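Working notes, structure below.
The values are calculated or read from the model by the stated rules, or taken from the named source; none is laboratory data. Because the structure is a prediction, the values reported are computed rather than measured. No Cβ is skipped: glycine too gets one built from the backbone with ideal geometry, and neighbour counts run over all protein chains shown. Keep in mind that these areas ignore ligands, DNA and RNA; they rest on the heavy atoms of the full protein, side chains included. Shrake-Rupley method; radii C 1.70, N 1.55, O 1.52, S 1.80 Å.
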Amino acid sequence: MYSEIVMDHFRNPRNAGRIEDADGIGQVGNPKCGDIMKIYLKIKDDIIEDVKFETFGCGSAIASSSIATEMIKGKSINEAVEISNKAVVEALGGLPPVKIHCSVLAEQAVKSALYDYAQKTNKVIKGLENYKPEDDEIHCQH
Amino acid sequence: MSRKLYLDNAATTRTKKEVIDEMMQYFDVLYGNPSSQLYELGRKSKEAIEKARKTLADFLNADEKEIYFTAGGTESDNWALKGVAFANLNKGKNHIITTKIEHHAILHTCEYLEKFGIETTYLDVDRYGLIDLDQLKESIRPETMLISVMFANNEIGTIQPIEEIGEIAKEHGILFHVDAVQALGSVRIDVNKLHIDLMSMSAHKLGGPKGIGGMYIRKGTRIDNFIHGGGQERGRRAGTEGVQNIVGFGKAVEIAARNFDNRIERLTGLRNRLIEGIKNNIPDVVLNGHPTRRLANNVNFSFKYVEGESILLLLDMEGIAASSGSACTSGSLDPSHVLLATGLDHGTAHGSIRFTLSEEIKEEDIDYTVETMKKIIAKLRAMSPIKNDEDLKKN
Ligand SMILES: Cc1ncc(COP(=O)(O)O)c(C=O)c1O
């Protein structure tokens, strides 16, 4: 059902945990739908120095969070904001159709954390000018 | 680690060796068509079917003429509901009472029957999964033709007060159907004592082959035939009989009857060991279903702050097969309708795991399962953004 890469990230999640003094935190999803992703960012000179995630959800939700953190670690905030759910799916070697929403959630969690950073630092991140986290809430799209 | 533990016996069971041995000759030695009565090969097949029918009838305290073979529990449920509904069409009887926690074979059939003007009342259940007999009585209308309540629930194992329901149905002259797919072989069933008119059964839940089941139909019950064709099953369920499957079903029931009390007592002990083990070793868990009125092999827990599919994947890596009521595993938007009906919030329902035991399981397997669950839940909780019940209730 899942690709080898998904299973690898599920089994050995990269960057699981939290950052106590994070510069940006984003949380998307809700327990009703059965997935929540929370991303913590440590940013210095607009570079993502560290990133951690906490996820409540199925195997593909955990794998999507894990790979998304790998994809943005060490990147600039402008690069990170470009991460799309499609890129997450590709990096995972594909996801079953009913699990695509997990990759969407991962993209949104990253954006939401970057938005939080932008709000706190009064910065404008290209691509997030008109971003409103509440618009990004998906409602149980399994 | 090469341990393999199959703890999903409510989904299906291993076909027993004795059952397979009994079935084999009906493929290539005694392969006659039971309708071919003019030669021995045909008669032998017919005899085999009738022997299985008698085994079942004796087991249920029924008459042989009241037992029909079908292709399984789903077909029997379909037959019971559609057969009674169609027999009552245009006779002023258009109401069925069932429960919110039935198998989809019942629920989806009731939905389908709406097309024919049949209305269904779905009874609530309490937090343990038990129906309320007063609500049942209040739901009865002059148009009510059928009460259909499952004997034991496939997810949470709760056993309903079948005898009391049967008495109410009888008092009101309403037919009583029981989906006994999970109960057969686990709970003693006397169709007369319990006032059951129709009952669905399936072989693969008690060590028999898949794709074969049965229906008990009390003599004199008004019900339409279901599969139209030849004269098999006294014209009520046509089609050349799956003789080897019927033989296997009969054998499985014979084995279940043989050692009933000891087997159930041992399973209950293992079940309680698993329940206690999980309760005492893992914090923030909820036992789903009734503490005592439950199937001897059923354990169902919600593990708060984590999701069921990820638990199942980690269990699989440790060689344990189980199941979950989370949306991720049901392939729908919502977690199990059964868990929601017991009043569980969505978040907690997503973290449910069902273990269903078999006679093959030993005490050390139970302890291994508890240890494994302890590790898995700790690992997933360390990764979870939900830390308490307040987080769980958001949205
Ligand atoms: C309560 C209940 N009813 C009906 C069925 C359907 O039985 P079968 O698999 O034989 O169609 C099942 C099995 O999943 C069940 O647990």
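I want to confirm something. Restricting to region B:360-372 and keeping residues that are aliphatic (A, V, I, L, M) and not in a loop (DSSP other than H, G, I, E, B), which single residue is surrounded by the most Cβ atoms within 10 Å (Cβ to Cβ)?
Among those residues, the one meeting the criterion is B:I366.
Please go through (1) assigned to a strand (DSSP E or B); (2) more than 11 Å from the ligand (Cβ to nearest atom); (3) touching a Ser or Thr at 6+ places or on another chain (Cβ under 8 Å) for B:V178 and return the number of the only condition it doesn't satisfy.
Checking B:V178 against (1) assigned to a strand (DSSP E or B); (2) more than 11 Å from the ligand (Cβ to nearest atom); (3) touching a Ser or Thr at 6+ places or on another chain (Cβ under 8 Å), the one that fails is (2).
Report the residue count in region B:71-83 for those that are touching a Ser or Thr at 6+ places or on another chain (Cβ under 8 Å) and more than 9 Å from the ligand (Cβ to nearest atom).
5
Within region B:166-175, restricting attention to residues that are open to solvent by 20 Å² or more (accessible area, probe 1.4 Å) and not small (G, A, S), which residue is nearest to the ligand (Cβ to nearest atom)?
Selected residue: B:L175.
Go through region A:1-117 and tell me which helices (runs of 4 or more DSSP H), entirely inside it, have 1 or more residues that are closer than 15 Å to B:S384 by Cα and either within 14 Å of another protein chain (Cβ to nearest Cβ) or touching a helix residue (DSSP H, G or I) at 6+ places or on another chain (Cβ under 7 Å) (or both).
By residue number, A:4-11, A:59-72.
Of the numbered conditions (1) more than 25 Å from A:P31 (Cβ to Cβ); (2) more than 19 Å from the chain's Cα centre (by Cα); (3) in contact (Cβ under 8 Å) with a residue 12 or more places away in the chain; (4) surrounded by fewer than 22 Cβ atoms within 10 Å (Cβ to Cβ), B:H290 fails exactly one; give the number of that condition.
(2)
Can you name every residue in region B:288-335 that is assigned to a loop (DSSP other than H, G, I, E, B), at pLDDT 95 or above and among the hydroxyl-bearing types (S, T, Y)?
Residues satisfying the conditions are B:T292, B:Y305.
Got a sec? Which of B:K375, B:K387 is of a type in the set (K, R), open to solvent by 10 Å² or more (accessible area, probe 1.4 Å) and in a loop (DSSP other than H, G, I, E, B)?
Criteria check complete, one pass: B:K387.
Applying the selection to region B:257-287, what residues are in a loop (DSSP other than H, G, I, E, B) and modelled with pLDDT of 95 or more?
Once the filter is applied, which keeps residues that are in a loop (DSSP other than H, G, I, E, B) and modelled with pLDDT of 95 or more, region B:257-287 yields B:I282, B:P283, B:D284.
Of all residues in region B:349-359, how many are open to solvent by less than 10 Å² (accessible area, probe 1.4 Å) and of a type outside the set (A, V, I, L, M)?
5
Within region B:219-227, is there a residue that is modelled with pLDDT of 95 or more, in the same structural domain as B:E163 (by TED's automatic domain parsing) and under 18 Å from the mean Cα position of the chain (by Cα)?
No - not one qualifying residue is present in region B:219-227.
With the condition kept exactly as written, say whether any residue in region B:311-333 is more than 8 Å from every other protein chain (Cβ to nearest Cβ), touching a residue at least 40 places away in the same chain (Cβ under 8 Å), surrounded by fewer than 19 Cβ atoms within 10 Å (Cβ to Cβ) and within 14 Å of B:I377 (Cα to Cα).
Yes: region B:311-333 contains one or more residues that are more than 8 Å from every other protein chain (Cβ to nearest Cβ), touching a residue at least 40 places away in the same chain (Cβ under 8 Å), surrounded by fewer than 19 Cβ atoms within 10 Å (Cβ to Cβ) and within 14 Å of B:I377 (Cα to Cα).
How many of the residues in region A:118-131 are closer than 16 Å to A:I39 by Cα and either part of a loop (DSSP other than H, G, I, E, B) or open to solvent by 60 Å² or more (accessible area, probe 1.4 Å) (or both)?
Residues that pass the stated criteria total 2.
Just need a number here: residues in region B:152-188 that are within 14 Å of the chain's Cα centre (by Cα) and at negative phi.
The number of residues fulfilling the criteria is 18.
Go through region B:152-165 residue by residue and tally those that are within 17 Å of B:E102 (Cβ to Cβ) and either away from the ligand (no atom under 16 Å from the Cβ) or open to solvent by less than 10 Å² (accessible area, probe 1.4 Å) (or both).
The total comes to 9.
Return yes when B:A378 is under 24 Å from the mean Cα position of the chain (by Cα), assigned by TED's automatic domain parsing to the domain that holds B:L315 and farther than 16 Å from B:D8 by Cα and no when it is not.
no
Among (1) over 18 Å from the mean Cα position of the chain (by Cα); (2) within 16 Å of the ligand (Cβ to nearest atom); (3) outside any helix (DSSP H, G or I), there is one condition B:R14 misses while meeting the rest; what is its number?
The number of the failed condition is (1).
Please determine whether any residue of region B:158-176 is in contact with a helix residue (DSSP H, G or I) (Cβ under 6 Å, 6 or more places away or on another chain) and within 22 Å of B:V299 (Cβ to Cβ).
Within region B:158-176 (the criterion being in contact with a helix residue (DSSP H, G or I) (Cβ under 6 Å, 6 or more places away or on another chain) and within 22 Å of B:V299 (Cβ to Cβ)), the answer is no, since none of the residues qualifies.
Can you tell me which residue among A:Y40, A:Y2 is more than 13 Å from the chain's Cα centre (by Cα) and closer than 24 Å to B:I386 by Cβ?
Exactly one of A:Y40, A:Y2 is more than 13 Å from the chain's Cα centre (by Cα) and closer than 24 Å to B:I386 by Cβ, namely A:Y2.
Residues being in contact with a helix residue (DSSP H, G or I) (Cβ under 9 Å, 6 or more places away or on another chain), open to solvent by less than 10 Å² (accessible area, probe 1.4 Å) and small (G, A, S): count how many of those fall in region B:208-255.
Total satisfying the criteria: 6.
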